[in-house]
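Just so it is clear, none of the values below were taken in a lab; they were calculated from the coordinates. Model, not experiment: these values are computed from the prediction. So basically every Cβ, Gly included, is an ideal-geometry build from the backbone, and we count neighbours across all protein chains shown.
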Amino acid sequence: MSVSSISPTAPAGTSSDVLVIGGGVIGLVTAWRAAGRGLSVAVADPRPGGGAARVAAGMLAAITELHHGEEPLLDLTLASAARYPEFAAELEAAAGSGTGFRACGTLAVALDADDRAELRVSHALHQRCGLHTEWLTGRECRRLEPMLAPSVRGGLRVDGDHQVDPRRLTDALLTACERAGVVFHRQWVRELTVSRDRATGAVLADGTALGAARTVLAAGSHSGELAGLPPGIAPPVRPVMGEVLRLAMPEPPDGAGPFLSRTVRAVVRGSAVYLVPRADGELVVGATSREQGWDTTVTAGGVYRLLRDAHELVPGITELPLRECRAGLRPGSPDNAPLLGPSALPGLQLATGHYRNGVLLAPLTGEILAESLVTGELPAFARPFSPLRFPSVVPV
Ligand code: GLY
């Protein structure tokens with residue numbers, strides 16, 4: 001489809017059918033899928049391939065991160081998780097590099113009576129939602145993962161929750177975009193441009209004006225901050241900081257199993273902790289969750305809490321080299337679900353607010369945005385996630 005068929009008013013000059021503001025995992029997947037639909041696409045971001053996905057652990061946890069009250073999101077997260085094997089294969093072929101997708105499953109365990117009661121409640125929720133998860137005794141958990149502490153009292157085997165390596169994923173998306181002809185403007189966006197009540201592109205930090213028939217705001221937790229957004233249009237997203245550690249697992253001795261073979265997670269004294277073992281030996285331990293604005297300082301307390309809780313699950317982690325401590329900002333939304341598709345400002349679409357599920361929802365977000373960029377409408381199954389579900393924020 002050419003620009004003339006989606007908008008008769010495409011601006012002249014440095015213009016494209018689609019301008020994506022933000023080159024994180026969501027911006028890149030949107031750009032790649034839109035280019036695949038025949039649209040000319042530009043991405044504006046000083047460091048494309050950066051953002052929250054550089055920090056994220058990459059759990060595809062549609063089931064183990066399902067929370068009460070978030071059931072409407074489940075259809076979306078399950079559908080995206082189901083697409084992952086094919087999506088990863090297609091992306092790997094397009095980019096010529098891996099994504100680290102592993103169909104390894106997850107084990108959610110409980111250490112004390114309170115944790116076990118909480119996990120039983122999760123199990124009941126899974127059953128109500130028709131999800132297959134299996135209750136295991138502590139001994140059965142340790143049979144699956146021998147490095148688990150003797151104090152593990154039970155757990156849930158969740159064979160449907162896998163993992164991907166978000167850094168390799170975004171690197172592959174960047175290459176795939178470049179190969180698909182996506183143009184990158186490696187600068188900050190100074191402001192959105194609006195002409196006759198319609199978004200018409202953006203101005204970059206150096207003053208370059210980029211015109212576009214459709215502009216997509218995919219700037220993660222910064223999406224609500226973009227200058228030039230008319231009153232009431234700024235998406236209600238906020239930063240939710242998370243600290244994540246990266247350790248290195250030893251090569252298993254001949255004949256021995258791996259240190260961990262699947263994602264292991266738990267709620268310890270009310271805080272979630274997870275350990276995500278990669279095929280290349282990296283072990284990702286996450287994540288804290290703090291609402292403290294834009295601060296991404298990794299604190300001693302955050303690292304202590306993660307190591308203390310992870311050590312209670314898997315005592316052997318204290319022997320491992322600690323390679324990295326880093327914090328990122330999840331783009332939280334009022335209902336923890338993403339804002340997808342046309343906004344109240346003609347010409348402006350949103351792909352933001354993915355909160356804990358940006359990596360998981362990447363395949364489906366790309367598909368949904370490509371469809372709404374081509375047709376101007378969200379596919380029916382994605383309409384509950386329209387940005388228009390939130391009343392306009394009117395400034396005082
Ligand atoms: N999805 C994992 C996290 O947000 O910590």
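You will find that of 382, 362, the residue that is surrounded by fewer than 24 Cβ atoms within 10 Å (Cβ to Cβ), in contact with a Leu (Cβ under 8 Å, 6 or more places away or on another chain), assigned to a helix (DSSP H, G or I) and on the phi < 0 side of the Ramachandran plot is 382 and no other.
Quick one: count up the residues across the range 25-46 that are of a type in the set (Asp, Glu) and within 14 Å of the ligand (Cβ to nearest atom). If you could, list the steps in order and put the result at the bottom.
First pass over the range 25-46, keeping only residues of a type in the set (Asp, Glu): 45.
With the extra rule that they be within 14 Å of the ligand (Cβ to nearest atom), the set shrinks to none.
Residues in the range 25-46 being of a type in the set (Asp, Glu) and within 14 Å of the ligand (Cβ to nearest atom): 0 in total.
Yes/no per residue for (1) buried (at least 19 other Cβ atoms within 10 Å of the Cβ); (2) over 19 Å from residue 270 (Cβ atoms); (3) under 17 Å from the mean Cα position of the chain (by Cα):
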position: 305; (1), (2), (3): no, no, no
position: 317; (1), (2), (3): yes, yes, no
position: 321; (1), (2), (3): no, yes, no
position: 325; (1), (2), (3): no, yes, no
position: 333; (1), (2), (3): yes, yes, yes
position: 339; (1), (2), (3): yes, yes, yes
position: 342; (1), (2), (3): yes, yes, no
position: 345; (1), (2), (3): yes, yes, no
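Considering the range 213-239, the residues that are in contact with a Ser or Thr (Cβ under 6 Å, 6 or more places away or on another chain) and in a strand (DSSP E or B) include one that is surrounded by the most Cβ atoms within 10 Å (Cβ to Cβ), namely 217. Of all residues in the range 345-357, those being within 8 Å of the ligand (Cβ to nearest atom) and either touching a helix residue (DSSP H, G or I) at 6+ places or on another chain (Cβ under 9 Å) or basic (Lys, Arg) (or both) number 2.
Of the residues 159, 206, which is within 23 Å of the chain's Cα centre (by Cα) and of a type in the set (D, E, K, R)? Give the steps one after another, and end with the answer.
On the way: 206 fails: within 23 Å of the chain's Cα centre (by Cα).
159 is the lone residue from the list that is within 23 Å of the chain's Cα centre (by Cα) and of a type in the set (D, E, K, R).
Might you let me know whether the range 99-116 holds any residue that is in contact (Cβ under 8 Å) with a residue 12 or more places away in the chain, in a loop (DSSP other than H, G, I, E, B) and aromatic (Phe, Trp, Tyr)? Within the range 99-116, one or more residues are in contact (Cβ under 8 Å) with a residue 12 or more places away in the chain, in a loop (DSSP other than H, G, I, E, B) and aromatic (Phe, Trp, Tyr). Taking every residue in the range 31-43 that is over 16 Å from residue 14 (Cβ atoms) and pairing it with any residue that is assigned to a loop (DSSP other than H, G, I, E, B) and among the small types (Gly, Ala, Ser), at least 6 positions away or on another chain, the pairs with Cβ-Cβ distances below 7 Å are 32/180; 35/180; 35/181; 36/180. Exactly one residue out of 100, 69, 49, 22 is over 23 Å from residue 373 (Cβ atoms), away from the ligand (no atom under 15 Å from the Cβ) and either β-branched (Val, Ile, Thr) or within 18 Å of the chain's Cα centre (by Cα) (or both): that is 100. Name the residue that is farthest from the ligand (Cβ to nearest atom), counting only residues in the range 271-309 that are small (Gly, Ala, Ser) and within 22 Å of residue 259 (Cβ to Cβ). Of everything passing the filter in the range 271-309, 281 is farthest from the ligand (Cβ to nearest atom). If you go through the range 139-175 and keep only what is closer than 23 Å to residue 252 by Cβ and part of a helix (DSSP H, G or I), you end up with 139, 140, 141, 142, 143, 144, 168.
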